[in-house]
Every structure is written in structure tokens, then in C-alpha cells.
1. Does any residue of segment 36-49 turn out to be more than 29 Å from Pro242 (Cβ to Cβ) and over 15 Å from the mean Cα position of the chain (by Cα)?
2. Given the residues Gly69, Gly121, which is the only one that is without any contact (Cβ under 8 Å) to a residue 40 or more places away in the chain and either under 30 Å from Val185 (Cα atoms) or surrounded by 13 or more Cβ atoms within 10 Å (Cβ to Cβ) (or both)?
3. For the list (1) outside any loop (DSSP other than H, G, I, E, B); (2) closer than 29 Å to Leu181 by Cα, I need the number of the one condition that Asp125 fails.
4. For the subset of segment 186-212 comprising residues that are in contact with a Gly (Cβ under 8 Å, 6 or more places away or on another chain) and either assigned to a helix (DSSP H, G or I) or polar (S, T, N, Q) (or both), which member is farthest from Glu38 (Cα to Cα)?
5. Among the residues in segment 165-182, are any assigned to a helix (DSSP H, G or I), buried (at least 16 other Cβ atoms within 10 Å of the Cβ), at pLDDT 95 or above and more than 16 Å from ligand 1 (Cβ to nearest atom)?
6. In segment 160-179, what count of residues is obtained for those that are within 16 Å of the chain's Cα centre (by Cα) and touching a residue at least 60 places away in the same chain (Cβ under 8 Å)?
7. From the list Ala271, Ala291, exactly one residue is at pLDDT 85 or above and out of contact with any Lys or Arg (no Cβ under 6 Å at 6 or more places or on another chain). Which is it?
8. What residue, among those in segment 79-97 that are among the polar types (S, T, N, Q) and more than 16 Å from Ala112 (Cα to Cα), is surrounded by the fewest Cβ atoms within 10 Å (Cβ to Cβ)?
Amino acid sequence: MTALIEAHDVTRSFEVSAGMFRRKRKLHAVNGIDLTLEKGEVLGIVGESGCGKSTLARILLGLLPPTSGTIRFDGRDLRTLKRRDLARQVQPVFQDPYSSLNPRRTIASIVAFPLDVHGIGSSADRRREALKIMDLVGLPARFADRHPRELSGGQRQRVAIARALIMKPEIIVCDEPTSALDVSVQSQILNLLLELRNEFGLTYVFISHNLGVVEHIATRVAVMYLGRVVELAETSAMFANPRHPYTRALLSSILTPVPGLGIPETGLGLAFPDPLNPPSGCVFHPRCPSAFDACKCVEPQLAGNGQVRAACHLESFNTGPEGTSAYES
Ligand code: SF4
Ligand code: MG
């Protein structure tokens, strides 16, 4: 069976000017990422800000071309998809429902906008379709001719979800979709996303710095650190038994959350490293409580069994690179 999303060795670098002499340097925001997603999965992507998760989201949405590597949707290379086909494949829901909705448009015209852009249907068809989708996400028809400023934050996020759904996409990439909302509204939006997934067989890539949210919604989790995936695991397995020392640090901080700050102090001592000058070997080694000599020079690859894989030398000692026991091979 072809996976719905196949990302292979996806890298994205940016040229930035840095330092006293404003020298041009390369920032590898996303660095050699491999991911596959089956239909109906919810892949949570977590990590501190600056780990590359939003860049990865924009690449998956076709908004930003990767520097190298390939992305396939249902076996088809993203680069060969026409804009309308891409829009039918993948749609975004972004963090801020305040800035992502055009304040001058009415709710119905915002929801219908993707149909408008791709020239689908007459304006009456588009409005009819918008009302149908609004109903589906719990927005009453009387909101159709209102403007975003007349709606609450949760209602605006429902508008953004309706706009994403109107093209009937296979995949929705949500980048921090609930971070700007009150906690009680957050859970309503998460539950709405889950209901829609069950009803339409949607697949989500769900980016968040809030581990509690990811545990609630994701079927699998990718933990990112400095542009790399350092752990990829089924959600329940990862929360029960995190393999990568970085994941363990993130999860231990979940016990003492700072309200409104998401991932708080991780107890990792050293600050986040300079992404322009990433550490050698395992990029996590300066902060890792389990680091040993080889970690400073050899970069670990994802290793483990099918359910849980971690890019850590300790994991490859346990299981061998292909998921076999190192002692058997
Ligand atoms: Fe820590 Fe070494 Fe594993 Fe990196 S490879 S996470 S430094 S133990
Ligand atoms: Mg971000």
C-alpha cells in the first residue's frame, strides 16, 4: 500500500547573515527528515521553538520548497502536482485565527475562498458549499455575513477549519491550531478535529509545543531537535517509555508546566544551542545527561523497533540499526 505522505531526506536551509562581519552562513532549519504517514493517522510534531517544526509544516503544505529531498502525496511527487491538486491534497490550519482571516471578508466568503481561488463552482454554489461546511464545524448560518471581528477566538478557528475542509483535502497540516485559545476552547477545537477525522478519514500533521495536546490527539509523535527527528514513536509508547534523552527531558517538564508558556524549563541546564553552529556528533550532546565520548563525534541515526525509534547511540546499542538486537547480528 502506498503511504499517504512519504517524505524522504527532506532538508531546508536558509542563508542568513550573522556575526560581527555579517558573514553569510547556512542555517539548516530542517535536516534530512524521513517520514511516512498512512491515511487516518495523526502525526504530532513536537519540539522547542526553533526546532524546525513550522518550516517542516510549510514544506509539507507546498508553501516552501525543500532544498533537497522529496515529498510524495499518495505516490505523487509534490513538485509535479498542479496547484488545484495540491489544494485537494493538503490544507493548512494555522495558529492565529485573528491574523489568518481577512478582516474585510465575510465568514461565508472566507470559508469559500479556496473554491474562489481555484475557480470551482458559481458564486451561489460556493456560498451553498460554505454554509454546508460551516454547519459541519458548528458555525450557525447566521454567521455567514458577519466579519471575523464579530466572532470569538474559538469561532474564528472553526472558520479556519471550515476553510481548510472546503476543498475536501486528504491531509490537514495544523500548526499550533489551539495555542492562541483559552484552555476550555482548546479542547472543543481538538475534539472537533478528532470528530472530523473520524467522519471523513482525514489525516493530520499536528504541530504543537504543548505535549498534553499532542498526547490527546496524536496517534504517533515525532520529536524534533535542531531540524532533525530524534524520536518517532506511537503516542502511547512514547509517553509511557520515552527512548531519547531529549524526549525524556521534555516529558519530565510536563509535570511542572508554566501556565501559558507551553514547554517550560526542561531541566537541561544549558541553553538551546546556536542553530548556525550546531554541535558535532549528536547535536543534543552538550545538553544530554547520558552523553559519552562517541556522542561528540558520531551522529546517531534513528534506530529501534517499528513502534519506537530514537536517534541515540544508546538505542542502537539496545536494538541495532535495523531493529534487530545488536547481540543477534
Ligand atoms: Fe545523549 Fe549520546 Fe544519545 Fe545523543 S547519542 S542523545 S548525546 S546518549
Ligand atoms: Mg512555530
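1. no
2. After ruling out the rest, the residue left standing is Gly121.
3. Going through (1) outside any loop (DSSP other than H, G, I, E, B); (2) closer than 29 Å to Leu181 by Cα one by one, Asp125 breaks only (2).
4. For segment 186-212, the residue satisfying everything is Gln188.
5. The answer is yes; a qualifying residue exists.
6. The qualifying residues number 11.
7. Within the list Ala271, Ala291, the selection yields Ala291.
8. For segment 79-97, the residue satisfying everything is Thr80.
The values are calculated or read from the model by the stated rules, or taken from the named source; none is laboratory data. Small disclaimer: the values here were computed from a predicted structure and weren't measured. Glycine also receives a Cβ, built like all others from the backbone with ideal geometry; neighbour counts cover every protein chain displayed.
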